[in-house]
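Note sheet for the following structure.
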Amino acid sequence: MKAAELVESRMADWRRLEQGCLRLEHPGRQRLSTQQRVEFAALYRAACADLALADAHQLPAGTVRYLHQLVGRAHNQLYRSRKFEFRQWYEEMFQRVPQRLFHDGYLRLAAAVFWGGFLLALFLSSKWTPVPEFAEAVLTRDGIIGLEEMYSEPLWESGDATGAEGLMWGFYIFNNTSIGLRCFAMGLIFGICGLFATVFNSIYLGAAFGYMTTVPQGENFFQFVTAHGPFELTAIVLSAAAGMRLGFSLVDTGGLSRFDSLARAAKLSLPTMMAAVVMFFLAAVIEGFLSPSPAPYEAKAIVAMLSTLMLLTYLVVLGYSDAPPTEEDTLLDW
Amino acid sequence: MFEKNRQIDSHIRVVTPENIGFEYRVASPFERLLAFLVDAIIMLSVVGVAGLVAMFVFGLFGVLGMGIGVAMVSWFLVTWFYGGVFETLWNGQTPGKRSLRLRVLRTDGSPIDAGQAVLRNFLRIVDSQPFNTYLTGLLSTAVTRRYQRLGDLACGTMVVAEDRSRAVRFNEINDVLLTPVDNMLPPGALPSRTLAKAISQYVDRRRYFGPARRAEIARHVGEVFAEQYNLPPSVDHDALLCVLYRRTFLTSRDDEETVLESGSHPTLAPEAFREFELPA
């Protein structure tokens, strides 16, 4: 049999497979019946066989090219992306992620750097400081004036009643979560720069906190920052740790090729990052609605303590384990 | 799996669970840029419409600030999760990719999952450096075999183009007179397998060329063939290649089947391998 006759006899099946692809590619249109699905799979296997034997049948180049794209197209309809599965994500987020974080060296490093820098700067700019000019050196003269002006009166007296809380809630979600995600992603090329950013943030924030203890505006400042502090600061530390894992995976490959090492780190750090995003959302809700409200300071302090307790439960109670889950035991398998 | 030394163009070989190897064409950075621009326009209009509606609705209740807040949340969600959600639900495609017939796949050709879809779009921010020019991503696609940006490398994904060519009929050659050349050529004269493939590519494309160009291209093979079978040097090389094409792929007159039919089973390769040998 010559190629032309062979192609002529197979053409009808290829056309039918093409029709099936067209209908599957537009899910809005009518769906395939069971019968048609079985037929689609059979047609796909037949096309695969035709392609495999293309050389033996001596098909011309154009037909082979057509078969390649036809098989590829049908392959993409037959093997589809797995949907988001709630139960699997629940297990990942509440069992494996806390256990991984509990054993995560990068998280310990990021937390030590952040809180160490924060407390050091806090001490250096408080009234017991051995270096009185420290706060001004870090915050700059203009920064200090801006900070003092911002908290010169209680926040709830400056707002108008047009839903400013909602505005700030939206702004905090947009701004802070974007900063966290950026911090994570940029860790990929700048593992070291992620470390630097963490140090910078910790020193700057520590200096601001310390300075505010020495001036009368401090009361308004702590009224504002107390309630959402735990979630927001933890989320930043988590983002930094996840970013560092990406960046350092390119340096310390553990015997893999650099790309494989990066892929492994990405797989391990994505759920961590999702936890950080959830924390940013919680922080934004508190920061937008409770922090600037005239609620008594005790209420805000209780919220702060409760959220700290929740974080400790997540990281220590849920996370406590002898060893981190194995790398194969993950939701993401690429 | 990918065979390292076989690639000379942008086609990537993938092996299916049916153990069939087929080829994908990897999407070029330019196609991906166009797809991204389509997506960017859609994202902007979604954010714009959602923001205006939210501000209008909340403005009616006298809480305009809440409306702006909702608008900003929708901005955040769209910029960070648009690609991830669409590529999960639409099997590796966003509206922009669908309009340009691109698709995200794993490097082994299997579909991506939700985690990959979300992560490769989170890491877009790295590829867009510096200053949203996408130079990092461009550099990364330039140095990797599958044109992967950094987000693709971290997730083990690639973007392929789904070409949609219609099934090709065989070329009926009507514009040149083939019978005289056919009669000059001995019945058993057939090209080798690889040469037949090359000739089929030539015949697929010859209608785009003028007579002078055809003669120029066909001469390289035609001259050798003419010499081997003692054809006059003035023979029309274009017609000669068409005859060879017709003999190999189209006609199945019994007297020409001698070589191919030695195996008698059409799915088996012929026992005697026809080789086209260059005269010394």
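The values are calculated or read from the model by the stated rules, or taken from the named source; none is laboratory data. These numbers come from a predicted model, not from an experiment. Cβ: placed from backbone, ideal geometry, glycine included. Neighbour counts: every protein chain shown.
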Mind telling me which of the residues A:Gln77, A:Gln58 ends up being over 30 Å from B:Ala196 (Cβ atoms) and either at pLDDT below 85 or of a type in the set (D, E, K, R) (or both)?
A:Gln77
Unique residue being of a type in the set (D, E, K, R) and modelled with pLDDT of 80 or more when the list is A:Arg82, A:Arg16, A:Arg29
A:Arg16
Residue count, the stretch B:82-101, condition at pLDDT 90 or above and part of a helix (DSSP H, G or I), comes to 11
(1) over 23 Å from the mean Cα position of the chain (by Cα); (2) surrounded by fewer than 20 Cβ atoms within 10 Å (Cβ to Cβ): which one isn't true of B:Leu119, the others all being true?
(2)
Would you confirm, using the coordinates I've provided, whether B:Leu105 is more than 11 Å from chain A (Cβ to nearest Cβ) and within 23 Å of the chain's Cα centre (by Cα)?
no
Does any residue of the stretch B:160-175 turn out to be surrounded by 23 or more Cβ atoms within 10 Å (Cβ to Cβ), under 25 Å from the mean Cα position of the chain (by Cα) and within 11 Å of chain A (Cβ to nearest Cβ)?
yes
Candidate set from the stretch B:226-251 (those that are without any contact (Cβ under 8 Å) to a residue 24 or more places away in the chain and part of a helix (DSSP H, G or I)); member that is farthest from the chain's Cα centre (by Cα)
B:Ala226
Could you say whether any residue in the stretch A:272-290 is among the polar types (S, T, N, Q) and farther than 15 Å from A:Phe94 by Cβ?
no
Write out, first by first residue and then by second, each pair whose Cβ atoms fall under 9 Å of each other, whose residues are 6+ apart or on separate chains, and whose first residue, in the stretch A:125-138, is outside the structural domain of A:Phe200 (by TED's automatic domain parsing) while the second is surrounded by fewer than 20 Cβ atoms within 10 Å (Cβ to Cβ) and modelled with pLDDT under 80.
none
Is there a residue being more than 14 Å from chain B (Cβ to nearest Cβ), within 18 Å of A:Gly187 (Cα to Cα) and modelled with pLDDT under 85 anywhere in the stretch A:252-273?
yes
How many residues does the stretch B:199-216 hold that are outside any loop (DSSP other than H, G, I, E, B) and either outside the structural domain of B:Cys242 (by TED's automatic domain parsing) or surrounded by fewer than 17 Cβ atoms within 10 Å (Cβ to Cβ) (or both)?
9
Just checking, which of A:Arg10, A:Arg15 is of a type in the set (Lys, Arg), within 10 Å of another protein chain (Cβ to nearest Cβ) and touching a residue at least 24 places away in the same chain (Cβ under 8 Å)?
A:Arg10
Hey, B:Ser110 hits all of (1) at the interface with another protein chain (Cβ under 8 Å from one of its Cβ atoms); (2) at pLDDT 85 or above; (3) surrounded by fewer than 21 Cβ atoms within 10 Å (Cβ to Cβ) but one; which does it fall short on?
(2)
For the stretch A:207-225, what are the residues that are within 18 Å of A:Ala295 (Cβ to Cβ) and either surrounded by fewer than 20 Cβ atoms within 10 Å (Cβ to Cβ) or of a type in the set (Phe, Trp, Tyr) (or both)?
A:Glu219, A:Asn220, A:Phe221, A:Phe222, A:Phe224
On the given criteria, is B:Gly65 at pLDDT below 85 and under 19 Å from the mean Cα position of the chain (by Cα)?
no
The stretch B:86-96: number of residues that are within 12 Å of chain A (Cβ to nearest Cβ) and either within 22 Å of A:Trp169 (Cβ to Cβ) or in contact with a helix residue (DSSP H, G or I) (Cβ under 8 Å, 6 or more places away or on another chain) (or both)
7
Number of the exception - A:His228 against (1) in contact with a Leu (Cβ under 6 Å, 6 or more places away or on another chain); (2) within 26 Å of A:Ile144 (Cα to Cα)
(1)
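Rundown of residues vs (1) free of Cβ contacts under 8 Å to residues at least 40 places away in the same chain; (2) over 21 Å from A:Ser178 (Cβ atoms); (3) part of a helix (DSSP H, G or I), yes/no style:
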residue: B:Arg103; (1), (2), (3): no, yes, no
residue: B:Asp108; (1), (2), (3): no, yes, no
residue: B:Gln116; (1), (2), (3): no, yes, yes
residue: B:Pro130; (1), (2), (3): yes, no, no
residue: B:Leu138; (1), (2), (3): no, yes, yes
residue: B:Thr141; (1), (2), (3): no, yes, yes
residue: B:Arg145; (1), (2), (3): no, yes, no
residue: B:Glu172; (1), (2), (3): yes, yes, no
If we keep just the residues of the stretch A:245-262 that are charged (D, E, K, R) and surrounded by 15 or more Cβ atoms within 10 Å (Cβ to Cβ), which is farthest from A:Leu109 (Cα to Cα)?
A:Asp260
Could we say that B:Asp113 is closer than 29 Å to A:Met274 by Cβ and not β-branched (Val, Ile, Thr) here?
yes
Can you find, within the stretch B:55-85, the residue that is nearest to A:Phe171 (Cα to Cα) among those that are more than 8 Å from chain A (Cβ to nearest Cβ), without any contact (Cβ under 8 Å) to a residue 24 or more places away in the chain and not β-branched (Val, Ile, Thr)?
B:Leu77
Checking the condition in contact with a helix residue (DSSP H, G or I) (Cβ under 7 Å, 6 or more places away or on another chain), at pLDDT 85 or above and either surrounded by 19 or more Cβ atoms within 10 Å (Cβ to Cβ) or more than 20 Å from A:Ser178 (Cα to Cα) (or both), which residue from B:Ala54, B:Ala27 passes?
B:Ala54
Filter the stretch A:280-310 down to residues that are without any contact (Cβ under 8 Å) to a residue 40 or more places away in the chain and assigned to a loop (DSSP other than H, G, I, E, B) and give me whichever is surrounded by the most Cβ atoms within 10 Å (Cβ to Cβ).
A:Ala295
Restricting attention to the stretch A:232-258, the residues that are assigned to a helix (DSSP H, G or I) and not charged (D, E, K, R) number exactly 16
Output the qualifying pairs, or none if there are none: Cβ atoms under 8 angstrom, residues six or more apart or on different chains, first residue in the stretch A:170-182 and more than 7 Å from every other protein chain (Cβ to nearest Cβ), second residue at pLDDT below 80.
A:Tyr172/A:Gly288
Enumeration of residues in the stretch A:64-80 that are more than 16 Å from B:Ala161 (Cβ to Cβ) and without any contact (Cβ under 8 Å) to a residue 12 or more places away in the chain:
A:Tyr79, A:Arg80
